[in-house]
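Engineer: The structure that follows is given in the form of structure tokens.
We did not get these values from a lab; they are worked out from the coordinates using the rules stated. Keep in mind the model is a prediction, meaning the values are calculated, not measured. Here the Cβ is made from the backbone with ideal geometry for all residues, glycine too, and neighbour counts use every protein chain on show.
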Ligand code: SAM
């Protein structure tokens with residue numbers, strides 16, 4: 001599939017946010033996958049990136065960023081850096097005044113993501129090795145937090161590191177797949193919404 005066909009398909013599937021569509025258009029997915037999968041770069045499905053992990057389906061990436069209500073200048077925490085692609089798409093939306101901190105637990109993928117991001121000349125993404133279920137307190141609080149691996153429940157540390165008025169999006173285990181949960185931090189606690197069913201590789205925690 002070509003990039004144009006992919007864009008038409010995700011538009012038909014309900015992606016309307018112009019900034020998100022523009023960011024998908026500008027971010028070369030072929031630079032975030034293995035060379036052997038080059039011809040499949042714009043297929044609307046996940047692809048293996050090694051170590052039993054995947055780069056997510058383009059529709060899922062676009063959907064999550066749209067539902068995260070990501071804006072210019074936001075500071076974002078991503079859990080599950082993988083290839084760096086989702087971070088690169090988000091970096092396009094937040095612009096130069098924004099910042100993305102992406103946590104990845106597999107050292108080889110930390111290097112893969114850093115290399116992909118560096119080659120694209122992107123300067124507002126920091127890939128950190130670690131267990132993302134603990135968040136990244138040093139840079140908190142965050143405007144937005146996005147979890148790109150399936151978690152049994154939303155880690156408390158992530159809730160603590162979200163700004164007042166901030167939004168967190170995470171696929172939480174439910175039945176055979178995950179339910180996409182959106183949390184909004186308000187001055188009277190968290191507002192929770194379910195956005196539907198998805199399928200993700202699991203979040204692996206240290207304890
Ligand atoms: N966002 C990625 C991209 O654009 O390529 C795809 C994410 S992939 C579906 C999920 C990633 O979460 C994997 O790379 C996996 O190693 C990572 N992961 C799983 N548990 C983690 C944890 N506790 N902390 C950080 N990363 C974790």
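Engineer: Taking springs between alpha-carbon atoms closer than 10 angstrom, which of 54, 36, 27 fluctuates most in the Gaussian network model of the chain?
Structural biologist: In the Gaussian network model the winner is 36.
Engineer: Going by alpha carbons, how many degrees (0 to 90, nearest 10) lie between the helix axis of 107-119 and the longest principal axis of the chain?
Structural biologist: That helix lies at roughly 60 degrees to the long axis.
Engineer: Picking from 85, 45, 59, which is most flexible by a Gaussian network model of the chain using Cα springs under 10 Å?
Structural biologist: Among 85, 45, 59, the largest GNM mean-square fluctuation belongs to 45.
Engineer: Please say if the chain is rounded, prolate or oblate, where rounded means a/c under 1.5 for a ≥ b ≥ c the square roots of the C-alpha gyration tensor eigenvalues, and otherwise the choice is prolate for a/b larger than b/c and oblate otherwise? Can you show the working numbers first?
Structural biologist: Details: a/c = 1.35, a/b = 1.27, b/c = 1.06.
Verdict is rounded for the chain.
Engineer: With a ≥ b ≥ c the root eigenvalues of the C-alpha gyration tensor of the range 1-49, is it rounded (a/c under 1.5), prolate (a/b larger than b/c) or oblate?
Structural biologist: Verdict is prolate for the range 1-49.
Engineer: From Cα pairs below 8 angstrom and at least 6 apart in sequence, can you work out the relative contact order of the chain, rounded to a whole percent? All intermediate terms of the calculation are to be shown ahead of the outcome.
Structural biologist: Numbers: 414 pairs, mean separation 31.7, N = 207.
Normalised by residue count, the contact order of the chain is 15 percent.
Engineer: Sorted by average packing, counted as other Cβ atoms within 10 angstrom per residue and highest first, what order do 96-103, 181-188 take? Walk me through the numbers on the way to the answer.
Structural biologist: Numbers: 96-103: 20.4, 181-188: 14.2.
Final packing ranking: 96-103, 181-188.
Engineer: A further question on this structure: Beyond 11 Å, what share of the Cα-Cα pairs of the range 98-143 remains, rounded to the nearest whole percent?
Structural biologist: Across the range 98-143, Cα pairs with separations above 11 Å total 67 percent.
Engineer: Does the range 1-88 classify as rounded, prolate or oblate by the C-alpha gyration tensor (a ≥ b ≥ c root eigenvalues; a/c under 1.5 gives rounded; else a/b over b/c gives prolate, otherwise oblate)?
Structural biologist: Numbers: a/c = 1.92, a/b = 1.18, b/c = 1.62.
Cα axes put the range 1-88 in the oblate bin.
Engineer: How much length is gained on full extension from residue 129 to residue 51, taking 0.36 nm per residue of separation minus their Cα-Cα distance? It would help to have the intermediate numbers written out before the result.
Structural biologist: Values: separation 78, 0.36 × 78 = 28.08 nm, distance 1.51 nm.
Going from the current span to full extension adds 26.6 nm.
Engineer: Continuing with this model, one more query. Using just the helices of the chain, give the 222 nm mean residue ellipticity in deg cm²/dmol: DSSP H runs with n ≥ 4 each add -39,500 (n - 2.57), and the total is spread over all residues, rounded to 500.
Structural biologist: So the helix-based figure for the chain works out to -8000 deg cm²/dmol.
Engineer: Taking the chain as a Gaussian network, where each spring joins two C-alpha atoms under 10 Å apart, which residue of 195, 68, 141 fluctuates the most?
Structural biologist: 195
Engineer: Rank these for me by crowding, 198, 32, 176, going from fewest to most other beta carbons within 10 Å.
Structural biologist: On the way: 198 18, 32 25, 176 7.
Placing the least packed residue first, the sequence is 176, 198, 32.
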